[in-house]
Amino acid sequence: MNVLRLYRNPWIWLGAALLAILLRGLLLDVMDVDASQYASISMEMMQNGSWLEVKHRFGDYLDKPPLLFWSSAVSFLVFGLSSWAYKLPSVLGALGGVYAVYRFSRLFYSEQTARHAAFLLASATGFIVLCNDVRTDTLLLGTTALAVWQLAEYMQFQRWKNLIGAFLCIGFAMLAKGPIGLVVPALAAGTHLLLQRDWRNLFRWQWPAGLVITAVVLLPMCWGLYQQFDLHPEKPLNDRISTSGLYFYFWEQSFGRITGNNVWRNNAGPFYFLHVYLWAFLPWALLVPGALWFHFRNAWNKAFNFKKYRLAEAFSLGGFVLTFIALSLSKYKLPHYIFVTLPWAAVMVASWLNADKKAEVPELKRTVPFFWVFVSYTTFLLALTAAFLLIGFVFPGNYWGWLVLSGGTLFLLAGIIKNPVQISPDTLVQRGVIVAILAGVTLNFHFYPRLLPYQSTSNIGHFIQQTGIPKEKVAFFRRHGHALDFYSQTITRRMESAWQIQETARREGAIWVYTNQKGKSELDLMQVPYEMVYEMGHFQTALLKGRFLNPVTRQQSLEPVWLLKISPLRTSN
């Protein structure tokens, strides 16, 4: 009977489908620039055994904290060098974040609301993308969500294990991305305590004690930064000398982006993340304004009528709004920076969908207002339209993909026609998750497998491994890509001139050079003889552009690249 009940439970099947999408993403090649760079650094760490002093292409590296490198390097030691071994620890961390959202929501809301929050997060487009194109933000999302959940548990039950767990997770979050790992839980917990006027918990002596736990977690990284940089002010780094690794980590890399101390800036406007959210939180993006209004109104009522009004929680409001504002103030923004707020958007939307002004209305009989059902269907339509464009226009010809996407859409439409608007939150979320599954299947089973063959660095890396080309004989010339390092399983050397290539071939025998049109022209000018071993059109797959997505103009957007075999010049007697 229990097995039959599980078999009939739609959430089991929806969860299994989402998990299958993530598993497929594990097997896809890592993408240039960030993910392949981090995979290459992790590989180099595993090979050279330098765990505390991070190296990149044999030089000192000072940009991101080491948790991603440590976890992936350990995974390489256990499972070997592969795409899935690189991604596995981070994806597990992100799934830990989904679990944390469920457990956190269960503290303050019903079982149904908690389930909805977890599925909203796991089905968001940004979450699926972040578990494929793994960066430091993947671990940051999971560790910050775990930290906030443990903080909430501690405030409710005053258990030391939750306090220790919270500050351990904060330490791991800081090891994943820097001080933002402390800022997000602090903003979430601080907002909750202030709005609840919970002064007793706000000024607990245990908070400084918890920071000691976080400091212990950070100690190995800090020692490595001190040994690598602070003890060697003569080292040139990023066109500077006297670089303090500790100052860079605790201030410049994070807060320096707001104050202007950091050299990185792309002048993205203060509203940059608003349009990012339109796709990152699909198919739920258009529900966020309604959820925000609901939670702002609750916070206002609590602030001015605190004796009569009960506020369930304000962690999600602070974790979303204040983090969103803080990141929007940065002078350097990229889309994945805002993904750390996805868990709290999911909690806000789920709690709002399941709320009802009349407390006597049973949860299972609540219905979503017609306007928001219409808004949801509009968002679903946008996500499905994007999926159909990917499979029918951008990369056409996948008949199995057409069958799955069309069949799933017809199944969804049948349910909508049968019961169009008078639906419960449970039904609405299930329909949205089906849309997300169809979009996720299109991404990970169709779009990315057809996009990644345009990434020459991974293709040539695989080619080197498969054909047995001596990897120590391969070099970059006028073009570089971290994926070639990773998939050839070595740190590829760089050549600076055609003369150097010619001399190296004379000393060492035949070498293979990865280059572009500029490099090939220099070799032609110097009359260096070569043999074309591999030729293709390259595209930077992580930076999608309209000219590439349009099949008519795709060829014009590709950069020709080659793997050339350079043989030593024969001298006549």
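In region 455-566, inverting the average of 1/r over every pair of distinct C-alpha atoms gives 14.4 Å as the Kirkwood radius.
A straight line joining the Cα centroids of region 266-329 and region 450-492 runs 44 Å. For region 1-135, report the translational diffusion coefficient in µm²/s to the nearest whole number, using Stokes-Einstein at 10 °C, 1.306 mPa s, and a Kirkwood Rh over Cα pairs. My calculation gives 96 µm²/s for D. Cβ crowding within 10 Å, taken as a proxy for footprinting-reagent exposure, orders W372, W13 from fewest neighbours to most as W13, W372. How far is helix 34-48 tilted, in degrees, relative to the longest principal axis of the Cα atoms in the chain, given as a value from 0 to 90 rounded to the nearest 10? Compared with the principal axis, the helix lies near 70 degrees. Relative to its residue count, the chain spans a Cα convex hull of 185 Å³ per residue. Bridging of K473 to aspartates and glutamates at a Cα separation below 13 Å is possible for D485, E508, once same-chain residues fewer than 8 apart are set aside.
Put simply, when 31-39, 401-409 are sorted by average Cβ atoms within 10 angstrom per residue, most first, you get 31-39, 401-409.
What Kirkwood radius, in Å to one decimal, follows from the Cα pairs of region 13-270?
On the way: mean 1/r = 0.0511 Å⁻¹.
After inverting the pairwise mean of 1/r, the radius is 19.6 Å.
Among the GluC sites (Glu not before Pro) in region 478-573, those located in a DSSP loop and surrounded by at most 11 other Cβ atoms within 10 Å of their own Cβ are E496. Using θ = phi - 60° in the Karplus curve 6.51 cos²θ - 1.76 cosθ + 1.60, the 3J(HN,Hα) couplings for region 244-249 round to 8, x, 5, 5, 4, 5 Hz; x is entered for Gly and Pro.
Okay, helix-only estimate at 222 nm for the chain: each DSSP H run of n ≥ 4 adds -39500 (n - 2.57), divide by all residues, round to 500 deg cm²/dmol; what do you get? Display every interim value, and only then the final one.
Working: 26 runs with 329 residues, N = 573.
Mean residue ellipticity at 222 nm (helix-derived): -18000 deg cm²/dmol.
Helix 160-177 and the longest principal axis of the Cα set of the chain meet at an angle near 40°.
If the Kirkwood radius is taken over C-alpha pairs of region 361-497, then at 10 °C and 1.306 mPa s the Stokes-Einstein diffusion coefficient equals 86 µm²/s.
Is the C-alpha gyration tensor of region 279-438 telling us rounded, prolate or oblate? Criteria: a/c under 1.5 is rounded; beyond that, a/b larger than b/c is prolate, otherwise oblate. Mind dumping the intermediate values first?
Numbers: a/c = 3.41, a/b = 1.38, b/c = 2.48.
Note, shape of region 279-438 comes out oblate.
Amide H to amide H, with H built 1.01 Å from N, H538 comes under 5 Å of E559, V561, counting only residues 5 or more places away or on other chains. Amide hydrogen proximity for I423: with H placed 1.01 Å from N in the peptide plane, the residues at 5 or more positions away or on another chain lying under 5 Å are V368.
Residues whose amide H comes within less than 5 Å of that of K331, counting only those at least five positions distant or on another chain, are I258 (H built at 1.01 Å from N in the peptide plane).
Among V433, V184, V276, the ranking by other beta carbons within 10 Å of each residue's beta carbon, starting with the fewest, stands as V276, V433, V184.
Let me know the shape class of region 32-84, please: from the alpha-carbon gyration tensor, a ≥ b ≥ c as square roots of the eigenvalues, rounded when a/c is under 1.5, otherwise prolate if a/b is greater than b/c, or oblate. Before the final figure, lay out the partial values.
Details: a/c = 1.67, a/b = 1.24, b/c = 1.35.
Because a/c hits 1.5 or more and a/b fails to exceed b/c, region 32-84 counts as oblate.
Modelled spin-label separation between L543 and Q158, with each label point placed 7 Å from Cα along the Cα-to-Cβ direction: 5.6 nm. The C-alpha atoms of the chain define a longest principal axis, and helix 10-27 lies at about 20 degrees to it.
Cross-link pairs exceeding 27 Å in C-alpha to C-alpha distance, out of K302/K333; K55/K518; K87/K545; K64/K333; K161/K302, comprise K302/K333; K55/K518; K161/K302. What FRET efficiency comes out for the pair K518/H275, r = Cβ-Cβ distance, R0 = 45 Å, nearest 0.05? It comes to 0.80.
No lab work stands behind these numbers, since they all come straight from the coordinates. Just so it is clear, the model here is predicted, and its values are computed rather than measured. Neighbour counts are summed over all protein chains in view; Cβ atoms, including those assigned to glycine, are modelled from backbone coordinates with ideal geometry.
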